[in-house]
1. Taking the residues in segment 8-23 that are in a helix (DSSP H, G or I) and of a type in the set (Ser, Thr, Tyr) as candidates, determine which candidate is most open to solvent (accessible area, probe 1.4 Å).
2. Being modelled with pLDDT under 90, surrounded by fewer than 13 Cβ atoms within 10 Å (Cβ to Cβ) and not acidic (Asp, Glu) narrows it down to one of LYS78, LYS155, LYS150, LYS100, so name that one.
3. Identify the single condition in (1) modelled with pLDDT of 70 or more; (2) open to solvent by 70 Å² or more (accessible area, probe 1.4 Å) that THR66 does not satisfy, given that it satisfies every other one.
4. Considering only residues that are in contact with a Phe, Trp or Tyr (Cβ under 8 Å, 6 or more places away or on another chain) and either at pLDDT below 95 or not in a loop (DSSP other than H, G, I, E, B) (or both), which ones fall in segment 118-143?
5. Is it true that some residue in segment 34-54 is surrounded by 13 or more Cβ atoms within 10 Å (Cβ to Cβ), modelled with pLDDT of 80 or more and more than 19 Å from the chain's Cα centre (by Cα)?
6. Exactly one condition in (1) in contact with a helix residue (DSSP H, G or I) (Cβ under 9 Å, 6 or more places away or on another chain); (2) without any contact (Cβ under 8 Å) to a residue 40 or more places away in the chain; (3) of a type in the set (A, V, I, L, M) is not met by VAL122; state its number.
7. Give the number of residues within segment 85-104 that are more than 16 Å from THR23 (Cβ to Cβ), under 16 Å from the mean Cα position of the chain (by Cα) and among the small types (Gly, Ala, Ser).
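The values are calculated or read from the model by the stated rules, or taken from the named source; none is laboratory data. Remember, predicted model here, so these are calculated numbers, not experimental data. Don't worry about glycine lacking a Cβ; one is built from the backbone with ideal geometry, like all the others, and counts go over all protein chains shown. Quick note on the areas: whole protein, heavy atoms, side chains included, nothing else; ligands and nucleic acids left out. Shrake-Rupley method; radii C 1.70, N 1.55, O 1.52, S 1.80 Å.
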Amino acid sequence: MGGQTAGAAAETINVKLSHQVYTVTDQSKILTTFTAKEIGITPYTANQIKQLISNQNAYAWPAHMTRASANSHRLGLKAINKAKLSAVSNRVVRLANNAKRTPTRNAKLVYNNQSFVIKRQVYGQQVNRDSVKQSVTNAVANHQSQIDLKTAYIKPTILQSNASLKKSQTNSYQT
């Protein structure tokens with residue numbers, strides 16, 4: 001962008017953004033692809049670019065270079081159209097075919113051989129719209145064009161180490 005006016009820089013960025021393709025992979029196979037336009041990424045305006053330029057300090061360029069990609073140039077959820085993100089997420093979930101995947105299960109207390117034991121949680125491979133939305137948003141924010149579906153797998157909410165589960169197990173022995 002060096003040497004360009006804010007308007008020219010905005011146009012250059014927006015052209016690149018309009019051609020940006022994101023690829024969702026699952027077990028090293030391409031599940032689907034989508035463009036930045038399909039998830040409704042809002043293009044930069046010349047005023048936004050002017051603001052970014054005004055925040056630059058030529059004497060602090062090493063610090064700015066590390067800070068710029070991590071903070072001021074991040075595209076987050078507010079830069080993405082929520083309805084379009086939902087549509088893409090629904091497509092990914094449909095293509096992932098949860099029926100053929102191991103479901104995630106929380107750890108739980110079960111009665112076995114006259115005592116209560118904690119049955120371990122199961123880390124499955126199923127995804128849902130919210131988990132896919134989060135993975136897509138993280139990829140966009142971190143300028144990653146490859147999205148591994150593993151990052152969207154639903155995680156158990158109750159683990160074997162859960163304190164209240166252990167307390168319930170202990171209390172069952174005392175009764």
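1. SER18
2. On the way: LYS155 fails: modelled with pLDDT under 90; LYS150 fails: modelled with pLDDT under 90; LYS100 fails: modelled with pLDDT under 90.
The unique qualifying residue is LYS78.
3. Failed condition: (1).
4. SER131, VAL136, ALA139, VAL140
5. Within segment 34-54, none of the residues are surrounded by 13 or more Cβ atoms within 10 Å (Cβ to Cβ), modelled with pLDDT of 80 or more and more than 19 Å from the chain's Cα centre (by Cα).
6. That leaves (1) as the condition not met.
7. Of the residues in segment 85-104, the ones more than 16 Å from THR23 (Cβ to Cβ) are 85-87, 90, 93-94, 97-104.
After this cut, where a residue has to be under 16 Å from the mean Cα position of the chain (by Cα) as well, the list is 85-87, 90, 93.
From the residues that got through so far, the ones that are among the small types (Gly, Ala, Ser) too are 86-87.
So the count comes out to 2.
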